[in-house]
Amino acid sequence: MRRAAAAGAFALALALAGCGKRDPVPAGKGPAGAFPAPPRSDAATIWAVGDGDGSPASRRVVGLMDRTRPTRVLYLGDVYESGTAADFRSNFTGTFGARKRRTLPTPGNHDWPNHAEGYDPYWATVTGRRPPSFYAVHTAGWQLLSLNSEEPLGPGSAQVRWLRSRLSGQGTCRLAFWHRPRYSAGQRHGDQPDVAPLWNAVRGRAALVVNGHEHDMQQLRPQAGTTPLVSGAGGRGHYSVDRQDRRVAWANDRDYGALRVDLRPGSARFAFVAAGGRELRRGSVACRR
């Protein structure tokens, strides 16, 4: 009896000591922690954009996406200025936030320092609990991987271990997205070497990688079958692109707009679309199921 009581007291002490701390391996492995998965279907229309605010430009981008009744919106991070609760109320709720039930987010560098008061409680209204730092959902024969470029992501980190477990199966019908791109021809930020563990893990195992951070739109040339795309023209100004960069297949640093991805089992078609509805660039990728 004494031994059982001591064990119970020890377990209680451990539980109390862990209150308020982040889980060592964030949620996202099951329905209790993941964002709501899209309905099962053989087709899905996904829009992806980041770096928006409450400006008229952001409202035009949201209006563009609403025309197609998207299956999901990937919000690629950054609620300006600092991702506080006040910023989410004033610069997100009335624009992108009106579609939050359809949104799969990832945090940006402006959000993460204040995520405990902004990002986490805001997205808890969708998940019913503190949102996972990274997670996966499936739709139209594709795996969508939301990763976190703002948390520790070394080769031995919880995130990269989790990611590698998700990539253990055969096939490349995966779309991975996070905020800061490993490769970018943007002249404001450029390449982000510290996110290499994410890129190295998905390279050759995901047909598409989509990022924000640079306030422009870019299609970079494929690497090992993985096509990198940047969609950060969500309304918060523009950053110029070095069009002489040989990695650039196409770029736009003048228009606000978003990336539309139409998913089917075994393939995806994508298009960068200006806020007014003009299609700027289109492409397609095939993937191994």
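Can you find a residue that is more than 20 Å from Ser133 (Cβ to Cβ) and either touching a Phe, Trp or Tyr at 6+ places or on another chain (Cβ under 7 Å) or surrounded by 21 or more Cβ atoms within 10 Å (Cβ to Cβ) (or both) anywhere in the range 78-87? Can you show your working first?
We begin by selecting, within the range 78-87, every residue more than 20 Å from Ser133 (Cβ to Cβ); these are 80-81, 86.
Now drop any that are not either touching a Phe, Trp or Tyr at 6+ places or on another chain (Cβ under 7 Å) or surrounded by 21 or more Cβ atoms within 10 Å (Cβ to Cβ) (or both), which leaves 80.
Yes: one or more hits.
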Kindly provide the set of residues from the range 154-174 that are within 10 Å of Pro197 (Cα to Cα), assigned to a loop (DSSP other than H, G, I, E, B) and touching a residue at least 40 places away in the same chain (Cβ under 8 Å), ordered by number. Gly154, Pro155, Ser157
The conditions are (1) over 23 Å from Glu214 (Cα atoms); (2) among the small types (Gly, Ala, Ser); (3) touching a Ser or Thr at 6+ places or on another chain (Cβ under 9 Å); (4) at pLDDT 95 or above, and Ala37 fails exactly one of them. Which is it? (4)
In the range 266-284, how many are within 21 Å of the chain's Cα centre (by Cα) and not basic (Lys, Arg)? 10
Of the residues in the range 237-289 that are within 19 Å of Thr103 (Cα to Cα) and touching a helix residue (DSSP H, G or I) at 6+ places or on another chain (Cβ under 9 Å), the one that is surrounded by the most Cβ atoms within 10 Å (Cβ to Cβ) is Gly257
Given the residues Ser149, Ser133, Ser184, Ser165, which is the only one that is of a type in the set (S, T, N, Q) and touching a Phe, Trp or Tyr at 6+ places or on another chain (Cβ under 6 Å)? Ser149
State whether the residues of the range 76-96 include one that is modelled with pLDDT under 95 and basic (Lys, Arg). no
Give me the residue from the range 125-138 that is crowded, with 22+ Cβ neighbours inside 10 Å and in contact with a Pro (Cβ under 7 Å, 6 or more places away or on another chain) and, out of that set, nearest to Val202 (Cα to Cα). Phe134
Filter the range 196-221 down to the residues that are surrounded by 21 or more Cβ atoms within 10 Å (Cβ to Cβ), hydrophobic (A, V, I, L, M, F, W, C) and either on the phi > 0 side of the Ramachandran plot or not in a loop (DSSP other than H, G, I, E, B) (or both) and list them by number. Leu198, Trp199, Ala201, Val202, Leu208, Val209, Val210, Met217, Leu220
Failed item, numbered, when Glu117 is tested on (1) charged (D, E, K, R); (2) closer than 26 Å to Arg40 by Cα; (3) without any contact (Cβ under 8 Å) to a residue 60 or more places away in the chain: (2)
Gly154 being small (Gly, Ala, Ser), modelled with pLDDT under 95, out of contact with any helix residue (DSSP H, G or I) (no Cβ under 9 Å at 6 or more places or on another chain) and surrounded by fewer than 23 Cβ atoms within 10 Å (Cβ to Cβ): no
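Scan the range 222-236 for residues that are crowded, with 20+ Cβ neighbours inside 10 Å and either in contact with a strand residue (DSSP E or B) (Cβ under 7 Å, 6 or more places away or on another chain) or on the phi > 0 side of the Ramachandran plot (or both) and jot them down.
Going through the range 222-236, the residues crowded, with 20+ Cβ neighbours inside 10 Å turn out to be 226-236.
Within the range 222-236, Thr226, Thr227, Pro228, Leu229, Val230, Ser231, Ala233, Gly234, Gly235, Arg236 qualify.
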Of everything in the range 62-84, what is under 24 Å from Val137 (Cα atoms), outside any helix (DSSP H, G or I) and among the β-branched types (Val, Ile, Thr)? Give them in sequence order. Thr68, Thr71, Val73, Val79
Residues of the range 230-273 being closer than 28 Å to Gly83 by Cβ, of a type in the set (A, V, I, L, M) and without any contact (Cβ under 8 Å) to a residue 60 or more places away in the chain, in sequence order, are Val230, Val241
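The values are calculated or read from the model by the stated rules, or taken from the named source; none is laboratory data. Fair warning: this is a prediction, and the values are worked out from it, not measured in the lab. All Cβ positions, even for glycine, are placed from backbone atoms using ideal geometry, and neighbour counts span all protein chains on display.
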